[in-house]
Amino acid sequence: LPASIQWTEVSVHPLKKKQASDQEAELYFEKKSILITGNCKQSTILNDWMKEIKKEKWISDVNLLNYTQDKASEDGEFLLEIKLK
C-alpha cells in the first residue's frame, strides 16, 4: 500500500440489501467481496495501486465505485470494491 493511500474502513463480505419492489428488503452478505473506503493524495497513485493489486492471482476484479476530491490541494475520498476468485 503506497504511503499516500490511507484506508478508513474495510468490509469483508459486506452486508447488502436486495432490491425488491413488492417484498421487504432482504439483507445478505456479498461473498467474495471486499469494500475499502479511504483517502489518497492523488488519483493517479490510486489508479497505479489498483493495477498492481489486479495482478494478484487471488483477485478476480477491482472496481472504483466512487471517487471525490473537492480541491486539488485536499485528499480525495474513494470507495473501492475487490472481487475475490
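The values are calculated or read from the model by the stated rules, or taken from the named source; none is laboratory data. Note that this is a predicted model, so its numbers are computed, not measured. Every residue, glycine as well, gets a Cβ built from its backbone with ideal geometry; the counts of neighbours run over all protein chains shown. Just the protein is used for accessible areas: all its heavy atoms, side chains included, with ligands, DNA and RNA removed. Shrake-Rupley method; radii C 1.70, N 1.55, O 1.52, S 1.80 Å.
Any idea which of (1) open to solvent by 80 Å² or more (accessible area, probe 1.4 Å); (2) assigned to a helix (DSSP H, G or I) is the one residue 49 doesn't satisfy?
(1)
Scan the range 64-78 for residues that are loosely packed, with under 12 Cβ neighbours inside 10 Å and among the hydroxyl-bearing types (Ser, Thr, Tyr) and jot them down.
Matches in the range 64-78: 68, 73.
Checking the structure you have, find out if any residue of the range 52-63 is of a type in the set (S, T, N, Q), free of Cβ contacts under 8 Å to residues at least 40 places away in the same chain and either open to solvent by less than 70 Å² (accessible area, probe 1.4 Å) or part of a loop (DSSP other than H, G, I, E, B) (or both). Steps first, answer last, please.
Going residue by residue through the range 52-63, those that are of a type in the set (S, T, N, Q) are 60, 63.
Subsequent filtering for residues that are free of Cβ contacts under 8 Å to residues at least 40 places away in the same chain retains 60, 63.
Adding the requirement that they be either open to solvent by less than 70 Å² (accessible area, probe 1.4 Å) or part of a loop (DSSP other than H, G, I, E, B) (or both) leaves 63.
Yes: the range 52-63 contains one or more residues that are of a type in the set (S, T, N, Q), free of Cβ contacts under 8 Å to residues at least 40 places away in the same chain and either open to solvent by less than 70 Å² (accessible area, probe 1.4 Å) or part of a loop (DSSP other than H, G, I, E, B) (or both).
How many residues does the range 23-46 contain that are surrounded by 14 or more Cβ atoms within 10 Å (Cβ to Cβ), among the basic types (Lys, Arg) and at pLDDT 90 or above? Don't jump to the end; show me each part of the working.
Restricting attention to the range 23-46, the residues satisfying the condition of being surrounded by 14 or more Cβ atoms within 10 Å (Cβ to Cβ) are 30, 33-42, 45-46.
Checking which are among the basic types (Lys, Arg) leaves us with 41.
Within this subset, residues satisfying the condition of being at pLDDT 90 or above are none.
Looking only at that region, the number is 0.
Tell me the residue from 9, 81 that is of a type in the set (D, E, K, R), open to solvent by less than 50 Å² (accessible area, probe 1.4 Å), assigned to a strand (DSSP E or B) and at pLDDT 95 or above, please. Working first, answer last.
On the way: 9 fails: open to solvent by less than 50 Å² (accessible area, probe 1.4 Å).
The unique qualifying residue is 81.
Assess whether residue 20 counts as being at pLDDT 90 or above, over 16 Å from the mean Cα position of the chain (by Cα) and not in a strand (DSSP E or B). Let's see the steps before the verdict.
Values: at pLDDT 90 or above: no; over 16 Å from the mean Cα position of the chain (by Cα): yes; not in a strand (DSSP E or B): yes.
Taking the combined requirement at face value, the residue does not satisfy it.
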